[in-house]
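Down below is the structure, laid out as structure tokens.
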Amino acid sequence: MATAFELAPAIAALPLAAFVVVLLVGDSMPKKGAFAGIIATAGSLVLSLWALATVAGGEVYNQELYEWAAGEEIAFHFGILIDPLSALMLVIVSLVALLVHVFSLGYMNEEGETGLPRYYAELGLFTFSMLAFVYADNLLMAFMFFELVGLCSYLLIGFWFRTPSASSAAKKAFLVTRFGDYFFLIGVVGIAATFGTLSFAGESSFVVAAEEAISGGETLFGFGAETWVTILGLLVLGGVIGKSAQFPLHTWLPDAMEGPTTVSALIHAATMVAAGVYLVARMYGFYALSPTALAIIAFVGGFTALFAASMGVVKDDIKQVLAYSTISQYGYMMLGLGVGGYVAGVFHLMNHAFFKALLFLGAGAVIILMHHEQDMWKMGGLKDQAPVAYYTFLAGALALAGIVPFSGFWSKDEVLYDALILGLEEPIFLIAYAMGLIAVFFTGFYTFRMVFLTFHGEPRSEAARDPHPIGAAVKLPLIVLGVLAVVAGIVNLAPIAKLTGAEIVFLEHWLDGEYGAVEGLTYHEYHELMGHETSYIGSETLTMLLGAALSLGLAFAGAGLAWTLYNVPEPKEHTRRLGRAREVLGNNYYQDEYQVWLARDLTLPFSRTADRFDQSVIDGVVNGVSSVSLFGSGRMKRLQTGVVTNYAALLVLGFLALLVIFGINGGWFV
Amino acid sequence: MILESLIGVALLGALVTFVAPDRIAGKLAFAISLVPAALSLWMFTAFDGSGNALLDGDLAFESRMEWIALGDYSISWFVGLDGISMPLVALTTVLCSLAILSSWTPIAERQSQFYGLILFIEANLIGVFAALDFFVWFVFWEAVLIPMYLLIGIWGGPRRKYAAIKFFVYTNVASLVMFGAFIALVFSLGDGVTSFALPEITDAMLAGGPEAFAGLEGATLSSVVFVAMFLGFAVKVPVVPFHTWLPDAHVEAPTPASVLLAGVLLKMGTYALLRFNFTMFPEDVISTFAIPIAAIAVISVIYGALLALAQTDLKRIVAYSSVSSMGYVILGLIAYTQFGIGGATFQMVSHGLISGLMFMSVGVVYNATHTRMVTDMSGLADRMPIAVGILIAGAFGYMGLPLMSGFYGEFAIFYGAFGSEFLDYAPLFTAIAMFGIVIVAGYLLFAMQRTLFGPYRLETDYEVGPAPLHDVAPMFVLLGLIIALGVAPELIFEMITDAVDPLLGGGA
């Protein structure tokens, strides 16, 4: 079975090959390179599944493959780490990538796009980078591919580069995430310089080194070991916050919707945005050493979940609703990881990848149906016209809203449960829990507002009355993801396990290494490192039931409100009644404004001032020195009059002066 | 004798090209330049040197003969390569060939003289990196200035005279300061030193340093000379505040001259800093100035990047960004660690390739549009997709995208600097300098958005179409090299560290 691991490099290399081939000869390929991408990602999926099966068989893989650069103290290398976490993620990424490639046949090819070879080449490059990131065995390699997925995101958001807003959005996305990556890179450099290794796993990993430094009470760079680990962890977190669009670096994601919807589904919902959260999970042992860093992760997550969900309520563009929903959902994952819910966070990551890719592709189907209209107020009544799109979208919506028994319910509930039981022990975390809980209500509301406005009621425009048909390439991915959105929760039915005692928390066992795991990278080892205490209201079961009832009640309340307001033949813009609040929400709490202000009204004028200073003062001095010497030589030049008598006079004067000097020196006048 | 033939072919080629008719000068010069390029690539694969050239290392392609006796001192023709100079020589020859190719479109007047001067520069640049006798080195060093002065002054833009004279006088005065200081140092080293061979001078410096000279204590003299030489080279690099000649020179220079100026001439400054200041002087002298030099480095990075942000002329943007990138090199040097100095040397080569690519890209845009102003154009990607594609790749290279050479250069410097025990507050200096990677993304993305994307708009009475092959081909070659070094930095980093290690060990 170990051959699965020997073939592991091909998981990433296949899409890379597709990238190269499509880039060079895509124009003359069938479907402009789509098939090359489909074949490559299908190959990656098969190999990923094989790797997953191999891990299930108890084997893991942690292998350095290529030495990138080496010095005396440290060697940087590329390697592959396949353990339960990365094997799972490989399957998620290659599956979604494959489905998006297929969907693109219907969404891009059939819509007569130009530049398709560029599109498929960039998708291939993205899939390569993302897969390589996922199974990177060290932090530097992870950083490198983390940056490369950022490049692909830039290229694909700006795919329609002739549209000014698309190229502007692409720039913003790269710049904001770059700002986060700045801190990440300091973190990488700092970890390398502190511990002399960047490996995620094994005896020589930086996690083990950090643990030893803390237990040994060492002083690192003038700080106590734990403080320094916290600082490094928070620096890396900068990259996470940028990539996973967490507050305050979330502003790029809604703009990124300028890209093709397929790109939004793959990159800005299911995979690249997940890279940040995945990184936290990947180096969870490191964060487990720092309660402060974990608490910050929890609060950033909880706040973002609520904050973004509230903005989703007032959006009219179907992709914008999904964008804010994505930010909010990644907030849940961060909350889960921050409160020690490693399994819950990863579980939600997986479910979200499926149901959000589904919703985005569903939105793509809606956009085809609507002849490229994205405003939900122009939709309505699509339910009967496109049942496949409707029912799959509904499945995704139920999962997103967290309605039992759809997949999202199980994972979101587990996140909230983990936050609650920690909060009962350390009340400060109750605040994070409360934010996550209130966000459930908003989520239910905006999700079903979107569903009702889009699919229910009467058609509100010509396009909605006469929708464009959708083909099999569109329907097939929707159906696959729709099924997953319904059933994926089955892998970790923790509440039912607690009630019945049945051993059905497969994902927890999976991540805990009951099948096979790299030492140090298992759930219980993380748990020991954190040493979190938890309490319950009454009993564990009672707490669980109370929490689930609460969140389910809120989800139903939100969905029910949307039902009464929007599930009518002629819905009105009820959010207008929010008045000033709507304005604040509609303007995203003026987050974009202040960031644009920082860039355009602070940094740019500052740089112009620096430029003026440079031109006038620094270059002024240079030019000044040269004009002094020009002026001086101009004066000197006057000595050269060309009149012989002047020279004779100067000669005599000079001679007399010399005589006087010699005289004084020689003591003649004494 | 291989180095001599490298220099000789370029020199002879320059002469031949001078007298050749304009019609064939470009093709002739390109053909000739392929000889040193091919030779140096062969040398690169056959390189068998080890250690540092100044610290009793085994030189590759060494050649030494007595030349002139000057009182108690002798001057010898002494050339050879170590792991630091070998990549730079290869960079020089490759970049010269590509620069010649990229001149075919823009250079229409006095072609034979133009190409002759390029080959003449090439000969001298090789000499600068190969020479190991101070006098020989200095002759090459100064001789580089003349052809560059003429290239800017004759083929340059509207303010070419001002720019050319500023370039010449500024860097020449700096050379004078450095020359005076170095000669004083040599004379103060006492009877042990009988030649101007750099290894011998280095031995004497590290063994005991200078005696009292001209009323100064030996130790004071060391410091004074260190500072004077640092200033002399700093102008060439250039670091803030001695950088103002650079944007003027770049803006006025024709594209191929900019390519060589940014690609190789700036590296003369950092190379000389490494060879002289950071190799000949003992650790305690350097460490006295560690904080100010690191401060200069950080200021160059951030201030240079801010200046680039304020520009609207594409060439000025790339010119100021060179100041920023060279700041990283200085930071790496003063970190005084294996990865710091090694990374700095790597960055010299990498920046040579990337800035060369960027100037070529801007040149190709200019050839097609006759403007370089960001505000004048938009949507170029529509008209010249391949050239724009490479430009985007080059820009991301400049931003330090992983798997391209710029990332490794910067990463190695950051890593080497962060943990440096030589430099106080090293993590702080490093973290501040690293912010440059955000600003560089800011101005390059902004410029690309304005010029390349959006609807096509450019008011011209001529057709803007794809660039010709001989404009795009050199860009492809550079991009290939940039990616190759990014994927496999060990291609040159191994030989670089081999030459850097003895230096950190305090001598052989």
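The values are calculated or read from the model by the stated rules, or taken from the named source; none is laboratory data. Bear in mind that the values here come from a model prediction, so they are computed numbers and not experimental data. In this analysis, Cβ positions are derived from the backbone assuming ideal geometry, glycine residues included, and neighbour counts consider all displayed protein chains. Side chains included, ligands, DNA and RNA excluded: accessible areas come from the protein's heavy atoms. Shrake-Rupley method; radii C 1.70, N 1.55, O 1.52, S 1.80 Å.
How much accessible area per residue does the protein assembly as shown have, counting only protein heavy atoms and a probe of 1.4 Å, in square angstrom?
Accessible surface, normalised per residue, equals 34 Å².
Roughly how many Å is it from the Cα centre of segment B:61-86 to that of segment A:280-355, as a whole number?
One Cα centre to the other: 65 Å.
In whole angstrom, how far apart do the alpha carbon centroids of segment A:470-492 and segment A:209-223 sit?
The distance from the Cα centre of segment A:470-492 to that of segment A:209-223 comes to 48 Å.
So for each of A:541-547, B:115-121, A:486-492 I average, over its residues, the number of other beta carbons within 10 Å; can you give me the resulting order with the highest mean first?
Put in order of decreasing packing, that is B:115-121, A:486-492, A:541-547.
Report, to the nearest whole %, how much of the accessible area of the protein assembly as shown belongs to carbon and sulfur atoms, 1.4 Å probe, protein only.
66
5 Å is the cut-off here: which amide hydrogens, built 1.01 Å from N in the peptide plane, fall below it relative to A:Leu220, excluding neighbours closer than 5 in sequence?
Counting only residues 5 or more places away or on other chains, the set is A:Ala225.
Compute the signed sum of charges (Lys and Arg +1, Asp and Glu -1) over the other residues within less than 13 Å, Cβ to Cβ, of B:Pro36.
Computed value for this residue: -2.
Let me spell out the model: positive unit charges on the Cβ of Lys and Arg, negative unit charges on the Cβ of Asp and Glu, origin at the Cα centre of the protein assembly as shown. What dipole size does that give, in debye rounded to 20?
Roughly 4540 debye, rounded to the nearest 20.
Calculate one ³J(HN,Hα) per residue across segment A:292-303 by plugging θ = phi - 60° into the Karplus curve 6.51 cos²θ - 1.76 cosθ + 1.60, and present them in order as whole Hz with x for glycine and proline.
Those phi angles translate into 4, 4, 4, 4, 5, 4, 4, 6, 4, x, x, 5 Hz.
In terms of the Cα gyration tensor, with a ≥ b ≥ c the square roots of its eigenvalues, is segment A:587-639 rounded because a/c is under 1.5, prolate because a/b exceeds b/c, or oblate?
prolate
How much solvent-accessible surface does B:Met373 expose, in Å² to the nearest 10, with a 1.4 Å probe and all protein chains in place?
Surface accessible to solvent at B:Met373 totals approximately 60 Å².
How much net charge surrounds B:Gly153 when only other residues with a Cβ under 15 Å from its Cβ are counted (Lys, Arg +1; Asp, Glu -1)?
Overall, the nearby charge balance is +2.
How many Å² of accessible surface get buried when A and B come together, counting both sides, probe radius 1.4 Å, rounded to the nearest 100?
Buried area (both sides, nearest 100 Å²): 4800 Å².
Leaving ligands, DNA and RNA out of it, rank A:Trp68, A:Trp410, A:Trp668 by accessible area with a 1.4 Å probe, largest first.
A:Trp668, A:Trp410, A:Trp68
Treating the angle as unsigned and between 0 and 90°, give the value, to the nearest 10°, between the Cα long axis of helix B:490-504 and the longest Cα principal axis of chain B.
30
Given an 8 Å cut-off on Cα distances and at least 6 residues of separation, report the relative contact order of chain B as a percent.
It comes to 16 percent, rounded to a whole number.
Calculate one ³J(HN,Hα) per residue across segment A:329-339 by plugging θ = phi - 60° into the Karplus curve 6.51 cos²θ - 1.76 cosθ + 1.60, and present them in order as whole Hz with x for glycine and proline.
Going residue by residue, I get 5, 5, x, 4, 5, 4, 4, x, 5, x, 8 Hz, with x marking Gly and Pro.
Taking amide H positions as placed 1.01 Å from N in the peptide plane, with prolines and chain starts having none, which residues 5 or more places from A:Phe76, or on another chain, fall under 5 Å of its amide H?
Those qualifying (amide H under 5 Å, at least 5 residues apart or on another chain) are A:Trp68, A:Ala69, A:Ala70, A:Gly71.
From the phi angles alone, apply the Karplus equation (6.51, -1.76, 1.60; θ = phi - 60°) to segment A:118-126 and give each ³J(HN,Hα) in whole Hz, x where the residue is Gly or Pro.
Per-residue couplings from phi come out as 4, 4, 6, 4, 5, 4, x, 4, 4 Hz.
Among rounded, prolate and oblate, which fits segment A:188-239 when a ≥ b ≥ c are the square roots of the eigenvalues of its C-alpha gyration tensor, a/c under 1.5 means rounded, and a/b larger than b/c means prolate?
oblate
Scan around B:Ser195 for amide H atoms under 5 Å from its own, H built in the peptide plane at 1.01 Å from N, and keep only partners 5 or more places away or cross-chain.
Residues meeting the criterion, in which the H sits 1.01 Å from N, are B:Ser74.
Have a look at segment A:616-637 and report residues whose accessible surface goes down by 20 Å² or more when the remaining protein chains are included, against the chain on its own, probe 1.4 Å, ligands and DNA/RNA excluded.
Buried-area filter returns A:Ile618, A:Asp619, A:Val622, A:Asn623.
Projecting each Cα onto the charge dipole of the protein assembly as shown (Lys/Arg +1, Asp/Glu -1 at the beta carbon, about the Cα centre), which of A:Ala610, A:Ala401, A:Leu47 comes out farthest on the positive side?
With unit charges placed on the Cβ atoms, the residue in question is A:Ala610.
Please give the net charge around A:Ala170, taking every other residue with its beta carbon less than 11 angstrom from that of A:Ala170, where Lys and Arg add +1 and Asp and Glu add -1.
Local charge sum for A:Ala170: 0.
Mind checking which of A:Ala648, B:His370, A:Leu552 is farthest towards the positive end of the protein assembly as shown's charge dipole, using Cβ charges of +1 (Lys, Arg) and -1 (Asp, Glu) about the Cα centre?
Of the listed residues, the answer is B:His370.
Report the relative contact order of chain A, percent, no decimals, based on alpha-carbon pairs under 8 angstrom and at least 6 residues apart.
About 13 percent, as a whole number.
Any residues in segment B:386-409 that have 50 Å² or more less accessible area with all protein chains than in their chain alone, probe 1.4 Å, and which are they?
Going by heavy-atom accessible area, the residues of segment B:386-409 that drop by at least 50 Å² are B:Phe396, B:Leu401, B:Pro402, B:Leu403, B:Phe407.
With a cut-off of at most 15 other beta carbons within 10 Å, and DSSP calling the residue loop, which trypsin sites (Lys or Arg not before Pro) in segment A:546-585 qualify? Please list them.
Loop-located and lightly packed - A:Lys572.
Where does helix A:206-215 land angle-wise versus the long Cα axis of chain A, in degrees 0 to 90, nearest 10?
Helix A:206-215 sits at roughly 80 degrees to that axis.
Considering only Cα-Cα distances, which of the following residue pairs are longer than 19 Å: A:Lys172/B:Lys315; A:Lys243/A:Lys475; A:Lys319/A:Lys356; A:Lys378/A:Lys572; A:Lys32/A:Lys243; A:Lys319/A:Lys378?
Those over the limit are A:Lys172/B:Lys315; A:Lys243/A:Lys475; A:Lys32/A:Lys243.
So for chain B, taking the charge dipole from beta-carbon charges (+1 Lys/Arg, -1 Asp/Glu), which of B:Phe453, B:Ile293, B:Val251 sits furthest toward the positive end?
It is B:Phe453, whose Cα lies furthest towards the positive end.
Placing +1 at every Lys and Arg Cβ and -1 at every Asp and Glu Cβ, with all other atoms neutral, what dipole size does segment B:63-169 have around its Cα centre, in debye to the nearest 20?
620
Using only the heavy atoms of the protein chains and a 1.4 Å probe, how would B:Leu125, A:Leu484 rank by accessible area, largest first?
From most accessible down to least: A:Leu484, B:Leu125.
What does the charge dipole of segment A:1-137 about its Cα centre add up to, to the nearest 20 debye, if the Cβ of each Lys and Arg holds +1 and the Cβ of each Asp and Glu holds -1?
Rounded to the nearest 20 debye, it is 540 debye.
To the nearest 10 degrees, how steep is helix A:342-369 against the longest Cα principal axis of chain A, on a 0 to 90 scale?
90
Residues of segment B:412-446 losing 30 Å² or more of accessible surface, assembly versus chain alone, probe 1.4 Å, please list them.
B:Tyr415, B:Phe418, B:Ala431, B:Met434, B:Phe435, B:Ile437, B:Val438, B:Leu445
Given the -39500 (n - 2.57) contribution per DSSP H run of 4+ residues, what per-residue ellipticity at 222 nm results for the protein assembly as shown, rounded to the nearest 500 deg cm²/dmol?
One gets -22500 deg cm²/dmol as the mean residue ellipticity at 222 nm.
Between rounded, prolate and oblate, where does segment B:376-508 land on the alpha carbon gyration tensor, with a ≥ b ≥ c its root eigenvalues, rounded for a/c under 1.5, else prolate if a/b exceeds b/c?
It is oblate, given that a/c is not under 1.5 and a/b is not larger than b/c.
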